[in-house]
């Protein structure tokens with residue numbers, strides 16, 4: 001235990017995800033002792049970030065405006081909607097530079113164990129979007145785990161009922177990976193989804 | 001890349017030691033989206049910590065007063081000084097509850113590669129302390145690595161020259177460890193420092 005404020009700062013850093021007691025202590029001493037580091041910037045950002053960051057009223061992405069930079073970009077294909085769980089998934093997909101449509105952030109996945117049902121996610125907003133716009137395809141990009149798959153199945157049912165074409169990201173072996181280390185479910189999916197070599 | 005302030009906050013978290021790009025993103029979304037978490041406390045602490053935290057003018061430990069709680073504690077043995085590299089080493093030693101003397105924080109270890117020589121550490125202050133007080137023993141508790149050993153050797157030479165008894169923390173097998181996983185240097189030290197069973 002340290003005196004007063006030093007311990008308080010260690011405790012506050014320890015509340016952040018992935019930062020244990022040792023890391024919190026290391027970060028605190030870094031903040032205290034590093035000449036070229038200025039903690040004022042982080043302090044200011046933390047003080048204002050919640051007021052300044054809104055969520056796009058159209059897709060739910062993080063944004064400093066009422067609509068995000070993707071939704072307001074006229075070069076994006078307005079007829080494609082890719083459904084993701086969290087805003088950080090959008091960044092991951094954008095890095096591939098392969099997708100030029102719009103997004104829809106659900107805010108999580110269906111998980112009865114955690115008490116999260118369809119009504120806790122922005123599924124009604126998604127149905128409204130596909131209902132009032134000309135949408136040629138909805139690509140479901142929820143996580144390839146139990147909750148993500150359940151959410152994908154639920155969305156597929158809802159969307160096919162109103163005749164919207166739906167697709168799901170492919171599951172299979174990660175590129176650069178090693179076949180012998182792939183788990184059996186992934187390997188099974190890779191077989192199911194095999195493609196004919198042209 | 002995110003819009004404006006979100007990316008700025010990710011970048012600021014990424015400047016802290018041990019926090020990579022992925023962790024910085026995860027922490028930022030935690031700060032943005034977690035209802036029961038209030039970033040104001042961390043913001044305030046970061047804004048004031050450098051002004052409020054001083055370093056004890058006697059031993060160099062962190063302190064909110066001019067002298068730390070250990071140096072001003074009358075129950076501590078004033079004739080013992082344990083020399084450590086950093087204030088966090090004091091916390092580690094205090095947790096053992098075995099040592100009841102005072103400390104001296106060097107502020108690092110001698111490391112020619114990093115351009116840190118004896119004059120960059122508080123060695124002159126240590127020599128002044130042992131010169132002007134009745135010191136029965138100086139216990140050197142620098143890290144058991146190259147820099148720590150070099151520093152210990154340097155301090156031993158300085159202190160024995162003025163006839164101050166010096167000791168060094170024992171090196172050997174960690175308690176609860178496994179002999180076959182010990183590196184050869186540690187195992188060699190354990191042999192050198194072996195004790196006769198009474």
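Results, tabulated for the structure shown:
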{"item": "Strands (runs of 3 or more DSSP E) lying entirely in the stretch A:61-147 (those with 2 or more residues that are surrounded by fewer than 20 Cβ atoms within 10 Å (Cβ to Cβ))", "result": "A:77-84, A:137-140"}
{"item": "Single residue of the stretch B:65-77 satisfying the filter (touching a residue at least 12 places away in the same chain (Cβ under 8 Å) and in contact with a strand residue (DSSP E or B) (Cβ under 9 Å, 6 or more places away or on another chain)) that is nearest to the other protein chains (Cβ to nearest Cβ)", "result": "B:68"}
{"item": "Flag for residue A:62 being over 13 Å from residue B:16 (Cα atoms) and either at the interface with another protein chain (Cβ under 7 Å from one of its Cβ atoms) or touching a strand residue (DSSP E or B) at 6+ places or on another chain (Cβ under 7 Å) (or both)", "result": "yes"}
{"item": "Qualifying residue in the stretch A:148-158 (condition: assigned to a loop (DSSP other than H, G, I, E, B) and either without any contact (Cβ under 8 Å) to a residue 24 or more places away in the chain or not assigned by TED's automatic domain parsing to the domain that holds residue A:89 (or both))", "result": "no"}
{"item": "Hits in the stretch A:25-44 (condition: closer than 25 Å to residue B:108 by Cβ and within 26 Å of the chain's Cα centre (by Cα))", "result": "A:42"}
{"item": "Flag if residue A:8 is buried (at least 19 other Cβ atoms within 10 Å of the Cβ) and either facing another protein chain (nearest Cβ under 7 Å) or not in a helix (DSSP H, G or I) (or both)", "result": "no"}
{"item": "Pair list, Cβ < 7 Å and 6+ apart or interchain, from the stretch B:27-50 residues that are over 16 Å from residue B:6 (Cα atoms) to residues that are in a loop (DSSP other than H, G, I, E, B)", "result": "B:37/A:15"}
{"item": "Filtered residues of the stretch A:108-130 (kept if in contact with a strand residue (DSSP E or B) (Cβ under 9 Å, 6 or more places away or on another chain) and on the phi > 0 side of the Ramachandran plot)", "result": "A:108"}
{"item": "Subset of the stretch A:152-198 that is out of contact with any strand residue (DSSP E or B) (no Cβ under 8 Å at 6 or more places or on another chain) and under 22 Å from residue A:125 (Cα atoms) - its residue that is surrounded by the fewest Cβ atoms within 10 Å (Cβ to Cβ)", "result": "A:163"}
{"item": "Residues (surrounded by 19 or more Cβ atoms within 10 Å (Cβ to Cβ), under 25 Å from residue B:87 (Cα atoms) and within 7 Å of another protein chain (Cβ to nearest Cβ)) located in the stretch B:13-48", "result": "B:16, B:42, B:43, B:45, B:46"}
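For (1) more than 18 Å from residue A:57 (Cβ to Cβ); (2) touching a residue at least 24 places away in the same chain (Cβ under 8 Å), each residue gets a yes or a no:
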{"position": "A:98", "(1), (2)": "yes, no"}
{"position": "A:102", "(1), (2)": "no, yes"}
{"position": "A:105", "(1), (2)": "no, yes"}
{"position": "A:115", "(1), (2)": "yes, no"}
{"position": "A:118", "(1), (2)": "yes, yes"}
{"position": "A:121", "(1), (2)": "no, yes"}
{"position": "A:124", "(1), (2)": "no, no"}
{"position": "A:127", "(1), (2)": "no, yes"}
{"position": "A:140", "(1), (2)": "yes, yes"}
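The values are calculated or read from the model by the stated rules, or taken from the named source; none is laboratory data. What you see is a predicted model; the values in this text were computed from it and never measured. Note that we place each Cβ from the backbone using ideal geometry, even for glycine, and neighbour counts take in every protein chain shown.
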